[in-house]
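Peer 1: Input: one structure, supplied below.
The values are calculated or read from the model by the stated rules, or taken from the named source; none is laboratory data. Here the structure is a predicted model, which means the values were calculated and not measured. All Cβ positions, glycine included, derive from the backbone under ideal geometry; neighbour counts span all protein chains shown.
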Amino acid sequence: MLEIRNLHVSVDDKPILHGLDLAVQAGEVHAVMGPNGSGKSTLAQVLAGRDSFTVTRGEVRYLGRDLLALPPEERAREGIFLAFQYPVEIPGVANIYLLKSALNALRKHRGEAELDAMDFLALVRDRLKLMGMDEALLYRPVNQGFSGGEKKRNEILQMALLEPKLAILDETDSGLDIDALKVVADGIESMRSPQRAIILVTHYQRLLDYVVPDRVHVLSHGRIALSGGPGLAQELERRGYAWVDEMQIAAPGPGTTGETAS
Amino acid sequence: MNAPLSATRRDACHHFLDEFRRIRDTLPGRQRPWLAHLRDQAMQRFMEMGFPTLRSEDWKYTSVAPIENGLFTLAACTSAVIDRSAIGALALPGAHLVVFVDGRHVPDLSRTDALPDGATLTSLAVLLERNPRGLAAQLGHVDDYPSAFAALNAACMTDGVCVHLARGTRLEAPIHLLFVTTSDKLAVHTRNLIVAEPDSCATIVEHHVGTGTTSCFTNTVTDIALAERARIVHHKLQQENTRSCHVAAINAQLAAESRFASTSFALGAALARADIRVALDGAGAECTLDGLYLPDGRRHIDHHTRIDHNQPRCTSRELYKGVLDGAGRGVFNGRLVVHPGAQKSDAAQTNRNLLLSELAEIDTKPQLEIWADDVKCSHAATVGQLDADQVFYLRSRGLDDATARALLTYAFAAEMIQRVELPSLRQHLDGLIRTRLPQSLEALP
Ligand SMILES: Nc1ncnc2c1ncn2[C@@H]1O[C@H](COP(=O)(O)OP(=O)(O)O)[C@@H](O)[C@H]1O
Ligand SMILES: [Mg+2]
């Protein structure tokens, strides 16, 4: 579904990603882990089409197409969804208005009729319940005055409504208390499907206790330094990220990715 | 360089003097010597002051050249015929409606029979003829006119509305004053006098609209006097074409514990200027000044507000927002004066501007003068573009770039509409804002 080859990304001429490779198939859940500042959000934002990052080399193919050639809205309509690490507040725009506009933009793109108000509300209510969210949040401005946890839930609510083919969740687990984490994890888990791929970007292994990934990748110094099965997350938790760097020094080499047994 | 300019200005003043002399003996109340004298004196004052120049501090960013060069004519009455359905489309449902066409009251198009006892509404032209006691005092002294435009207005005023709310009178429905201009090259001078006796309460919509593509100059003055505990909400709505000019003054005087709320929604003209002055003259008086200006194309919109805290324990709140597109130009000058002895004054002023194009321009200036020590005063002014994070967030949800920008622009402006309590006006304003968006938005759910 997604294939990233030798991706190099800079911001303001400062290289952040250099030579990142990653392949994700439909039905898979991948975790991308790494220390703060390793470029996880950069990767997520580049995949969603943020233009403040410059791709200097490499390519990204999504469902056989050149992803980087598409503007962000086209990517969204083609089924890519990014849950933001820092969801943006939009004063003056009601949450429900955004949800409806987003869903209808997708439906229109797929040649489907727009949902009428009743059907739409029924659908949103169903997803709200899944996320344990209060209906009042629908009528508040997008993310404005939401608590940290409410913002993260709101991202997953949008995902549950838009039913993407490829979901990229950028630290959706951070800042959540244990109850909220459980709700969010259940929401993600319920989205698991043979037609869908999910990339969980996370700093901690916590979320992965609830949503067990098929593959775990460690991002370090702008590339995937290490890939493995779910056990890699626990190993990282035990040994810390410095361990990955030590392994890199021990076995350097362009384009090599270390493998550990899972 | 200066010589030809001032010659033009002198010519422009003389043009209005000639026009004034031409129609002087046809103006309402011409048979009253005191009024004829007032008009002459006012005209003389106008000639002395002359049109303001860019050198004048209050007109630094606003050139009145479109007025000087417009060769506008004066007329005591109008022969214009206006379509009833055109008025119907503009009238706010449920409001008491007072229609003025080219500066003259048209009773036929108005609808004021549902006004309750205690509320009287008379055309100024009728009052000038009738000459009731106290009218001269209400029109004020020539020396007190704050600007050349105010003096010109007093000399040339043809009509306007006089509203009197007796003690304790509370209007449920708003009064909609609809000023429509139709005749090409016409200068319209209207004067409105609103008097709210103690404990009275009303909402007044002053709505100036041009029709078609005719070039008009409106010079209007509205005086509002609020007695103790009176409440007046005054909405001003200005929508004229790019060949027209609009100069407006609103002067409100507030007695103790009274409350005045003013909003100014300006869609602009070649030149639109509004001076809003509020005198907090009684302890515990409160005012709220809201404004939204939307210059695009080559429109120019200038707001000068002035709030005088003359007495203790008064509160003023001011929020003005601007959306500037094309080569539109905006000016906001918010002056706040806290006079000695006005202790416990509480004042906050905010001006926020959204620049949508490289050619659009805004000059914003807060002017705080504080002569008392136990006061709470704040001000803030911002000028910025649409937030890139917000645009990206919306696009990442499938909204195209133009829709995302239109939505964010709408949201910025709509805040000012949501503050309007009158649903019919909110709806009207909402429609107007949408016409100024670069892209149409589907109806809100
Ligand atoms: N907009 C930006 N401008 C400048 N530097 C940036 C920007 N975004 C990210 N960076 C830098 O890129 C690096 C990677 O950041 P980020 O992708 O946010 O890491 P992570 O999500 O893994 O914590 C950091 O050094 C960060 O400071
Ligand atoms: Mg991050």
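Peer 1: Starting from residues that are within 13 Å of ligand 1 (Cβ to nearest atom) and basic (Lys, Arg), keep the ones in the stretch A:28-86 and report whichever is farthest from A:His217 (Cα to Cα).
Peer 2: A:Arg50
Peer 1: Follow-up question, since we're still on this one. In the set B:Leu38, B:Leu97, B:Leu17, which member is in the same structural domain as B:Asn153 (by TED's automatic domain parsing) and either assigned to a loop (DSSP other than H, G, I, E, B) or within 24 Å of B:Ala137 (Cβ to Cβ) (or both)?
Peer 2: B:Leu38
Peer 1: Of all residues being touching a Pro at 6+ places or on another chain (Cβ under 6 Å) and at positive phi in the stretch A:1-55, which is surrounded by the most Cβ atoms within 10 Å (Cβ to Cβ)? Just the residue, please.
Peer 2: A:Gly49
Peer 1: Can you tell me which residue in the stretch A:105-119 is nearest to the chain's Cα centre (by Cα), limited to those that are of a type in the set (A, V, I, L, M, F, W, C) and assigned to a helix (DSSP H, G or I)?
Peer 2: A:Leu106
Peer 1: Among the strands (runs of 3 or more DSSP E) lying completely within the stretch B:169-210, list those that include at least 2 residues that are within 17 Å of the chain's Cα centre (by Cα) and of a type in the set (S, T, N, Q).
Peer 2: B:186-196
Peer 1: Condition first: under 17 Å from A:Leu157 (Cα atoms) and at the interface with chain B (Cβ under 9 Å from one of its Cβ atoms). Now tell me which residues in the stretch A:106-119 satisfy that.
Peer 2: A:Leu106
Peer 1: Moving to a separate point now. Select from the stretch B:198-241 the residues that are modelled with pLDDT of 95 or more and at positive phi and list them in ascending order.
Peer 2: Matches in the stretch B:198-241: B:Asp199, B:Arg229.
Peer 1: Given the residues A:Thr42, A:Thr56, which is the only one that is among the hydroxyl-bearing types (Ser, Thr, Tyr), part of a helix (DSSP H, G or I) and more than 10 Å from every other protein chain (Cβ to nearest Cβ)?
Peer 2: Criteria check complete, one pass: A:Thr42.
Peer 1: Right, next: Which one of A:Gly149, A:Gly175, A:Gly145 is more than 14 Å from chain B (Cβ to nearest Cβ), more than 14 Å from the chain's Cα centre (by Cα) and within 16 Å of ligand 1 (Cβ to nearest atom)?
Peer 2: Just a single option satisfies the conditions, and that option is A:Gly175.
Peer 1: Are any residues in the stretch B:74-89 surrounded by fewer than 17 Cβ atoms within 10 Å (Cβ to Cβ) and at pLDDT 85 or above, and if so, which ones?
Peer 2: B:Arg84, B:Ser85, B:Ala86, B:Gly88, B:Ala89
Peer 1: Report, by residue number, each residue of the stretch B:406-435 that is polar (S, T, N, Q) and either more than 14 Å from every other protein chain (Cβ to nearest Cβ) or farther than 22 Å from A:Ile90 by Cβ (or both).
Peer 2: Hits for the stretch B:406-435 are B:Ser424, B:Gln427, B:Thr435.
Peer 1: Looking at A:Ala122, A:Ala102, can you tell me which residue is hydrophobic (A, V, I, L, M, F, W, C) and either in a strand (DSSP E or B) or more than 9 Å from chain B (Cβ to nearest Cβ) (or both)?
Peer 2: The unique qualifying residue is A:Ala122.
Peer 1: Please identify the pairs in which a residue from the stretch A:165-180 that is closer than 19 Å to A:Pro213 by Cα and modelled with pLDDT of 90 or more has its Cβ atom under 6 Å from the Cβ atom of a residue that is in a helix (DSSP H, G or I) and within 14 Å of ligand 1 (Cβ to nearest atom), counting only partners at least 6 apart or on another chain.
Peer 2: A:Ile168/A:Ala44; A:Ile168/A:Leu47; A:Asp170/A:Ser41; A:Asp170/A:Ala44
Peer 1: For the stretch A:74-99, which residues satisfy the criterion of being within 19 Å of B:Ala406 (Cα to Cα), of a type outside the set (A, V, I, L, M, F, W, C) and at the interface with another protein chain (Cβ under 7 Å from one of its Cβ atoms)?
Peer 2: Residues satisfying the conditions are A:Pro91, A:Gly92, A:Tyr97.
Peer 1: Now for a different question. In the set A:Gly27, A:Gly49, which member is away from ligand 2 (no atom under 16 Å from the Cβ), without any contact (Cβ under 8 Å) to a residue 40 or more places away in the chain and closer than 15 Å to A:Ile80 by Cα?
Peer 2: A:Gly49
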